[in-house]
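Shown next, in structure tokens, is the structure this report addresses.
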Amino acid sequence: MATRKEPAASASSPLDSPVKQIQIDGLVVLKMIKHYQEEGQGTEVVQGVLLGLVVEDRLEITNCFPFPQHTEDDVEFDEVQYQMEMMRSLRHVNIDHLHVGWYQSTFYGSFVSRALLDSQFSYQHAIEESVVLIYDPIKTAQGSLCLKAYRLTPKLMEICKEKDFSPEGLKKACVGFEHMFEEVPIVIKNSHLINVLMWHLQEKSTVADKHELLNLSSSNHLEKSLQLLMDRVDDANQDIVKYNTYCRNLSKQTQQKQQYLQRRQQENTQRQSRGEPALPEEDISKMFKPPQAPPRMDTLLIAGQINNYCQNIKEFTSQNLGKLFMAEGLQGHNS
């Protein structure tokens, strides 16, 4: 997983995001796509480092390099040292080498996880303007580039700094799954020579390739998305059961504590009526230890991933409905 070595002093999170827009060179996008095509297989995730610079409220990503594939047996591999050596080599050849974030691929939009949260917090805590780019190769293969940039919200950054993921802490901070990540708009920029080249390539493209955008055979994609959505709903249901069990145990313990205090008070009243001294006070917290509350951060991440699946399915089905109406119109026109 992507990691970032934090500096000795890190800047505090501002109220507003310091990055309002992201400008990416087309070469960076091609490098990410090539990285997945060479090393990504199925559900395997590929990751890499983003390099660039910050201009006012715009983050310009001008270069990137991938993380090499390694197994747990490669104990000698130091990921942080590898990043430092790569950036030092790029600086020697006068290429932008400033660390501005990282990227990773995703499988059917499955990227909202604790690993991504911890990695992005590490980056954003060390470098205030850091972003994570999520590349979806499956949606890209359907005909349109799917590349999105995310940052952690200031509220979530404060929660991660305090490491208070209890229900009371999240409720106090007013953090829900919709307040965890903020999407930053992306603009892909190419040089004039590349734009001319793309214009020539577009002229040479065949008509058959353009007709692939109207392909209606997309049931496999929708079926897989719904299957992943149902799996996440089951996970959310299990977390809800755990939280309900905690609430019942807490309510039962509170009731037992009140009953104990009432019996104690009655015994002291009877002892006073007999002229006997009252019973010594005892530490109730030691007698009735409250049950440990389950962490709610995983539940928020599951809810965020469910929301992401729903948005993808909604977008996908709306596009297919448009294709169906278009195909129906063309068929009626030809008949």
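The values are calculated or read from the model by the stated rules, or taken from the named source; none is laboratory data. Keep in mind the model is a prediction, meaning the values are calculated, not measured. Here the Cβ positions follow ideal geometry from the backbone for every residue, glycine too, while neighbour counts run over all protein chains shown. Heads up: the accessible areas ignore ligands, DNA and RNA and are worked out on the full protein's heavy atoms, side chains in. Shrake-Rupley method; radii C 1.70, N 1.55, O 1.52, S 1.80 Å.
Residue selection: Val49 fails the criterion of being surrounded by fewer than 19 Cβ atoms within 10 Å (Cβ to Cβ) and either at pLDDT below 80 or not aromatic (Phe, Trp, Tyr) (or both). Pairing residues of the range 129-152 that are without any contact (Cβ under 8 Å) to a residue 24 or more places away in the chain with residues that are of a type in the set (Asp, Glu) and surrounded by fewer than 23 Cβ atoms within 10 Å (Cβ to Cβ), at Cβ distances under 6 Å and at least 6 apart in sequence or on separate chains, gives Cys146/Asp136. The residues on offer are Lys224, Lys189, Lys155, and the sole one that is modelled with pLDDT of 80 or more, within 16 Å of Leu301 (Cβ to Cβ) and open to solvent by 50 Å² or more (accessible area, probe 1.4 Å) is Lys155.
You will find that of Glu168, Glu183, Glu178, the residue that is closer than 24 Å to Lys314 by Cβ, part of a helix (DSSP H, G or I) and open to solvent by 40 Å² or more (accessible area, probe 1.4 Å) is Glu178 and no other. Filtered by the rule that a residue be open to solvent by 80 Å² or more (accessible area, probe 1.4 Å) and assigned to a helix (DSSP H, G or I), the range 296-335 gives Gln311, Lys314, Gln319, Leu321, Leu324, Phe325, Met326, Glu328, Leu330, Gln331, His333, Asn334. Can you tell me which residue within the range 259-288, out of those that are under 53 Å from the mean Cα position of the chain (by Cα) and of a type in the set (Asp, Glu), is least open to solvent (accessible area, probe 1.4 Å)? Applying the filter and picking the extreme gives Asp283. In the condition set (1) over 30 Å from Met180 (Cβ atoms); (2) open to solvent by less than 90 Å² (accessible area, probe 1.4 Å); (3) in a helix (DSSP H, G or I), Cys247 is compliant with all but (1). Taking the range 60-142 and the helices (runs of 4 or more DSSP H) fully enclosed by it, the elements with 1 or more residues that are open to solvent by 50 Å² or more (accessible area, probe 1.4 Å) and out of contact with any helix residue (DSSP H, G or I) (no Cβ under 9 Å at 6 or more places or on another chain) are at 79-92, 137-141.
Return yes or no: is Gln253 farther than 30 Å from Leu152 by Cα and surrounded by 12 or more Cβ atoms within 10 Å (Cβ to Cβ)?
Taking the combined requirement at face value, the residue satisfies it.
Per the conditions (1) in contact with a strand residue (DSSP E or B) (Cβ under 7 Å, 6 or more places away or on another chain); (2) modelled with pLDDT under 90; (3) not aliphatic (A, V, I, L, M), the sole criterion not satisfied by Asp25 is (2). Of the residues Tyr108, Tyr135, Tyr103, Tyr123, the single one that is within 16 Å of the chain's Cα centre (by Cα) and over 30 Å from Thr317 (Cα atoms) is Tyr123.
Right, Pro291: free of Cβ contacts under 8 Å to residues at least 60 places away in the same chain and touching a Phe, Trp or Tyr at 6+ places or on another chain (Cβ under 7 Å) or not?
Against the criterion (free of Cβ contacts under 8 Å to residues at least 60 places away in the same chain and touching a Phe, Trp or Tyr at 6+ places or on another chain (Cβ under 7 Å)), Pro291 qualifies.
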